[in-house]
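Worksheet: one structure, shown below.
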Amino acid sequence: MTAPVLALEDLSVSFKAGGREHVAVDRVSLTVGRGEVLGLVGESGSGKSVTGLALMGLIEAPGRVSGGRILLEGRDIAGLPEAELRPLRGRRMAMIFQDPMTTLNPVLRVETQVVEAIRAHERVGAAAARARAREALVKVGIPAPDARLRAYPHQLSGGMRQRIAIAIALLHAPALLIADEPTTALDVTIQAQILAEAQALCAEMGTALIWITHDLAVVAGLGDRLCVMYAGRIVEAGPVADVIEAPLHPYSARLIASAPSRNARGVPLAQIPGMAPALTDRPPGCAFALRCACATPDCAAPPPTARAEPSRFALCRHPLQPARFT
Amino acid sequence: MLTYLIQRFGQALVTVAAMATLVFVGVYAIADPIDMLAAPDATPDERAAIGAQLGLDRSLPVQFGTFAWRALHGDLGRSFVYNEPALSVILQRLPATLELALTALVLAVAVGLPLGLWAGLKPSSGSGRTIMTGSILAFSLPNFWQGLMLVLVFAVTLGWFPAGGRGETVNVLGIETGLLTLDGLRHLVLPAVNLALFKLAVVIRLARAGTREAMLQDYVRFARAKGLSPARIVGVHVLKNILLPVVTVIGLELGSMIAFAVVTETVFAWPGIGKLLIDSINRLDRPVIVAYLMLTVCLFVAINLIVDLIYAALDPRVRLSEAA
């Protein structure tokens, strides 16, 4: 069996503030295979975006990857120097970001920004690069690609800009695409289109896709596997349908229950009481215990791993489904 | 675009007219130029003769009317002192000042942009802090004192450069320039540095602030995620964004450098228009003062227009005609 496209082993990211190290991402492990779609779900501050940036080697001071391994196609890239990361970025792994209004440089033509991404990794002539750029735009469903290439980002709609970002990210058919809430800033109708297109393109190229979002509805229709993050840890992972239908972790259950689409009309939306603990103030035990209806005094100790079939787990002492502890 | 230009031209005309009136009346009110022009022992008859010759014996409205009528016909009057058309007195001195101001500008941008970029990329490094401290110093030193110190150190003590004057010049297409002779260039160094230092500090600070802001933008992060080299990110993505404020400020500063290089020109005895202005004020040479300031207004209007055009070229979002 070949190595998975990406395997994280106990990845930790910490930020230094006020003389102390605060752990934003805590021993995260996950694997994504070729062509697989992984949903990474969590609320704001859960560490999901930081995880994405860490994969790309884009964590900036005062943050750093403080532990664990990032195996991209079998090679550990955690802590690689910039010069060795750069050939990987954009070629073997790519990332798109939340706000398509700001990810494209406002004073450079679209063409410049696509072509430079091609030429960063391949020696191609100007004309050939331009033809490739045009082709890439056609591929993501952009009409009138020649006019779009000449345009500046402010002349395009949000959806169009995000399509261009996706086109840029997929130029070199990377092994891994990390999408950090790329549809959050878009209209709902455009969201669905972009989602479907990104997924289709990744499937076509065999690119593994990590879709970071706070929106469960997005992941429900998208992913193969789902990871739920809370306070820097993956608290539950498993096949999407299983996790959504029968979550193991009480947090997942509450998160699913608060999705508006799941509520009957006229009934107040379900909420999770309280707030996630701040980065500077994380308990040694289960971080969700204070907000959890199932919590017992035991939960002040680090939670055990509860496993269930098929290949599911949760970090919880009181899993909601039958499970064995390891 | 044409409407825009016509509008700007109209505004310029009003400004020039208002300024000319103010200055004419102001200089009239200061003192009688005859006191400066006539010999100290001149008889009242001799004084009256000079007054009649220059038209200074008439009332203010008449004098102003005459001036305005001639100005409309392109004649800004004759200098009382040089007895030549005021405009040509100024234009003779203009190349020296342009040479000085442009050299200072190139110096300020060529040195300031890289230093500012560096300080913006490494704000907490030793070199970044040193650059910022240096820029505060250059910002706060009084120009005349700084000029005197430059003379003292580099001309008097070290003897590397001449202390004043313009040196040897050659005539190119009717313009006297010192840029093409070694002697002229040596004379240019100290005054150009003196004039450039303040602007240099401004450029450093603008470039640094712009760089720090740009480096936090998503487009820089996306550019890194694309695998671009740091040189490309800084040299293209960041630089093009920070040029916008730099161009605006530099444009305005160029105007003030040309028009008011007075201190530097005085300290280094540079025969430019700044020194001419000071001399003319001292001698109450009204036609030269008025003509000089009218020219300055035109210069500022022209530079502002050019800045607007460059700005539109740099920032696609202000290109109004192409929008929609």
Taking the condition closer than 11 Å to B:Arg286 by Cβ and at pLDDT 75 or above, does B:Val27 pass? yes
Residue check for B:Arg208: within 14 Å of chain A (Cβ to nearest Cβ), open to solvent by 50 Å² or more (accessible area, probe 1.4 Å) and within 22 Å of B:Ser135 (Cα to Cα): no
Being away from every other protein chain (no Cβ under 13 Å), open to solvent by 10 Å² or more (accessible area, probe 1.4 Å), free of Cβ contacts under 8 Å to residues at least 60 places away in the same chain and closer than 22 Å to B:Ala225 by Cα: is that true of A:Val124 here? yes
Condition met for B:Arg70 (of a type in the set (Lys, Arg), touching a Leu at 6+ places or on another chain (Cβ under 9 Å) and more than 19 Å from B:Arg283 (Cα to Cα)): yes
For residues that are more than 12 Å from B:Gly165 (Cα to Cα) and surrounded by fewer than 24 Cβ atoms within 10 Å (Cβ to Cβ), scanning just segment B:177-196, find the one that is modelled with the highest pLDDT. B:Val193
Any idea how many residues of segment A:89-107 are facing another protein chain (nearest Cβ under 7 Å), out of contact with any strand residue (DSSP E or B) (no Cβ under 6 Å at 6 or more places or on another chain) and among the aliphatic types (A, V, I, L, M)? 2
Can you go through A:Glu135, A:Glu73 and tell me which one is away from chain B (no Cβ under 14 Å), on the phi > 0 side of the Ramachandran plot and not aliphatic (A, V, I, L, M)? A:Glu73
Residues in segment A:256-290 that are open to solvent by less than 30 Å² (accessible area, probe 1.4 Å) and not in a loop (DSSP other than H, G, I, E, B): how many? 2
Could you tell me whether any residue of segment B:244-252 is within 11 Å of chain A (Cβ to nearest Cβ) and more than 23 Å from B:Gly165 (Cα to Cα)? yes
Go through segment A:213-237 and give me each residue that's within 21 Å of A:Ala287 (Cα to Cα) and β-branched (Val, Ile, Thr). A:Thr213, A:Val228, A:Ile234, A:Val235
Quick one: A:Arg150 ticks every box in (1) at pLDDT 90 or above; (2) surrounded by 19 or more Cβ atoms within 10 Å (Cβ to Cβ) bar one, so which box is it? (2)
Against the definition (in contact (Cβ under 8 Å) with a residue 12 or more places away in the chain, aliphatic (A, V, I, L, M) and either more than 9 Å from chain B (Cβ to nearest Cβ) or surrounded by fewer than 24 Cβ atoms within 10 Å (Cβ to Cβ) (or both)), how does A:Ala117 come out, yes or no? no
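The values are calculated or read from the model by the stated rules, or taken from the named source; none is laboratory data. Everything numeric here is computed off the predicted structure, so don't read it as measured data. Cβ coordinates were reconstructed from backbone atoms using ideal geometry, including for glycine residues, and neighbour counts include every protein chain displayed. Surface areas here come from the heavy atoms of the whole protein model, side chains and all, with no ligands, DNA or RNA. Shrake-Rupley method; radii C 1.70, N 1.55, O 1.52, S 1.80 Å.
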